[in-house]
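The block underneath contains the structure these notes are about, expressed in structure tokens.
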Amino acid sequence: QVQLVESGGGLVQAGGSLRLSCAASSFPFSSNAMAWYRQFPGKERELVASISRGGWSTTYADVVKGRFTISRDNAKNTMYLQMNSLKPEDTAVYYCNKVVRPYLDWGQGTQVTVSS
């Protein structure tokens, strides 16, 4: 069964850092471009950052550009999101999934809370 497990979230003060991880199983991870998404209460998920299959190409939402860095380790079937200079408006549940539809079943996400 395909599984995506996000981890690494937590409570941090504004200006702090967190590193999120996304572990994929039973899925051809290295053959798929992957992305981090986030969801604010009552809102739809939005794309935060994406990375190509081999990791050589990345994209970022304007609001996180210069602060967040996406990376992946295909040998470990794992993707990461290094988040620096966090702001209260980054508070959300963060998810990982493919870039393109059809999406895999969404994991439980990891909560990131940034206090001011």
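The values are calculated or read from the model by the stated rules, or taken from the named source; none is laboratory data. Everything quoted here is computed from the prediction, not taken from an experiment. Glycine also receives a Cβ, built like all others from the backbone with ideal geometry; neighbour counts cover every protein chain displayed. To get the accessible areas, we keep the full protein, side chains included, count just its heavy atoms, and leave off ligands, DNA and RNA. Shrake-Rupley method; radii C 1.70, N 1.55, O 1.52, S 1.80 Å.
Of the accessible area of the chain, with the probe set at 1.4 angstrom, what percent is carbon plus sulfur? Don't jump to the answer; show the numbers that get you there.
Values: 2930 of 6090 Å².
That share works out to 48 percent.
Among the trypsin sites (Lys or Arg not before Pro) in segment 24-62, which ones are in a DSSP loop with at most 16 other Cβ atoms within 10 Å of the Cβ? Mind listing them?
On the way: sites: Arg38, Lys43, Arg45, Arg53; in loops: Lys43, Arg45, Arg53.
When the trypsin sites (Lys or Arg not before Pro) of segment 24-62 are filtered for loop state and at most 16 Cβ neighbours within 10 Å, Lys43, Arg53 remain.
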Which chymotrypsin sites (Phe, Trp or Tyr not before Pro) in segment 9-101 sit in a loop by DSSP (not H, G, I, E or B) and have at most 15 other Cβ atoms within 10 Å of their own Cβ?
Trp56
Through the Karplus equation 6.51 cos²θ - 1.76 cosθ + 1.60, θ set to phi - 60°, convert the phi angles of segment 9-18 into ³J(HN,Hα) values in whole Hz; use x for Gly and Pro.
x, x, 9, 9, 7, 4, x, x, 10, 9
Explain nothing, just compute: Karplus ³J(HN,Hα) = 6.51 cos²θ - 1.76 cosθ + 1.60, θ = phi - 60°, for every residue of segment 64-74 in order, whole Hz, x for Gly and Pro.
10, 4, x, 10, 9, 9, 9, 8, 8, 10, 5
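List the GluC sites (Glu not before Pro) within segment 1-109 that fall in a DSSP loop (any state other than H, G, I, E or B) and whose Cβ has at most 16 other Cβ atoms within 10 Å.
Details: sites: Glu6, Glu44, Glu46, Glu89; in loops: Glu44.
The qualifying sites are Glu44.
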Equivalent ellipsoid semi-axes for the chain, as square roots of 5 times the alpha carbon gyration tensor eigenvalues: give them largest first, rounded to whole Å.
22, 15, 13
Can you list the aspartates and glutamates whose alpha carbon sits under 19 Å from that of Lys98, skipping same-chain ones fewer than 8 residues off?
Glu6, Glu44, Glu46, Asp73
